[in-house]
1. Compute the distance in nm between two label points, each set 7 Å from the Cα along the Cα-to-Cβ direction, one at residue A:202 and one at residue A:168.
2. Using 0.36 nm per residue of separation minus the Cα-Cα distance, give me the extension gain between residue A:309 and residue A:238 in nm, one decimal.
3. Just to confirm the number: angle between the C-alpha axis of helix A:28-38 and the first principal axis of chain A, 0 to 90 degrees, nearest 10?
4. Note the full-extension length gain between residue A:224 and residue A:25 as 0.36 nm times their separation in residues minus their Cα-Cα distance, in nm to one decimal.
5. Taking every Cα atom in chain A, find the radius of gyration and the maximum pairwise distance Dmax, and write them in Å.
6. With an 8 Å cut-off on Cα pairs and a minimum separation of 6 or more residues, tell me the relative contact order of the range A:4-209 in percent.
7. What nm value, rounded to one decimal, do you get for the distance between residue A:261 and residue A:288 when each label is placed 7 Å out toward the C-beta?
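Read-outs throughout are calculated quantities, based only on the coordinates presented, and are distinct from any laboratory measurement. The structure displayed is predicted, hence computed values, not measured ones. Cβ coordinates were reconstructed from backbone atoms using ideal geometry, including for glycine residues, and neighbour counts include every protein chain displayed.
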DNA sequence: AACGCGTGGAG
DNA sequence: TCTCCAAGCGT
């Protein structure tokens, strides 16, 4: 009787996505990069980024010595930017601590920033033909269904169990099997409405046997999405250049270039949604707050020209409402003395700005108004 | 252990 | 429009 691994391998031979750009290499750099890009990211989203990144930074050394801004520009739009910053740190560690080669044990691989248990296993299996089990969203879902696991899919006890199962099922040819179970999860054992009628594991699937295919995995509770409201300052100088600040590495959009952000203090969403003559809750007019902000933070004297419509950007964990404040600098000069404290701001032409690592909404704003 | 971290496609 | 969630990891 064919076991699950053999059934998956047979299915994969006929139906797998053998044309993916990272499927025909054993180069650890290329395999690792694909794994990092694909974390929490769908194949179709990562595809266009992958080849572009490799063309620009084809090996560990190139990535290790690249300017961080170049790395983030190559990642711009893909999201979860800590992946890009960690990727560069990992490349640097490989150059300094591992003689330019991806390490060949799980412990050492997992010591690289951004490389966890599953990513390490995927690279070791494919680059070095080791028998290592992965446990990503696809493998997790397939195992939960075939074994009819009814516990919380994210609970640590469940994950322990799933890792045991994954390791027990993974055959010697883990490289091929890991691809197989991921393609199977993406094509047949879908998150919603799995194609059980076309499933090669139908007779091995406890969820199918129990009529639970649509109910498993058990849904996880969705945390509430708070709403945040900010203003983005679109400052232009007399030459039409735009002012951007580099965000700190920690937090949202870490390391990216962003429009200066003016937080809305002590006032609620309805105020921000109010008309353009609004006055903030502290009694200072928006126009005056902008002028203070630019003077204190950037040493710039500005004139507020306009306020755009309310726009929205949705993250996984919160919703961002924002307006852009259009303003011009009057004298094109950074105040001497204050300039020393301006570590994070620079003027860009539109074209140069769009070549940098920008958050998606900022890229949209700058593209629209150019 | 629970939360922070992006974006886009599907239904 | 809204909901779900995707090749996870760091803290």
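1. 2.6 nm
2. On the way: separation 71, 0.36 × 71 = 25.56 nm, distance 2.39 nm.
Between residue A:309 and residue A:238, full extension yields 23.2 nm more.
3. For A:28-38 against chain A, the angle is about 70 degrees.
4. Using 0.36 nm per residue and subtracting the Cα-Cα distance, I get 67.4 nm.
5. 25.0, 81
6. Over the range A:4-209, the number comes to 24 percent.
7. Output for this residue pair reads 2.7 nm.
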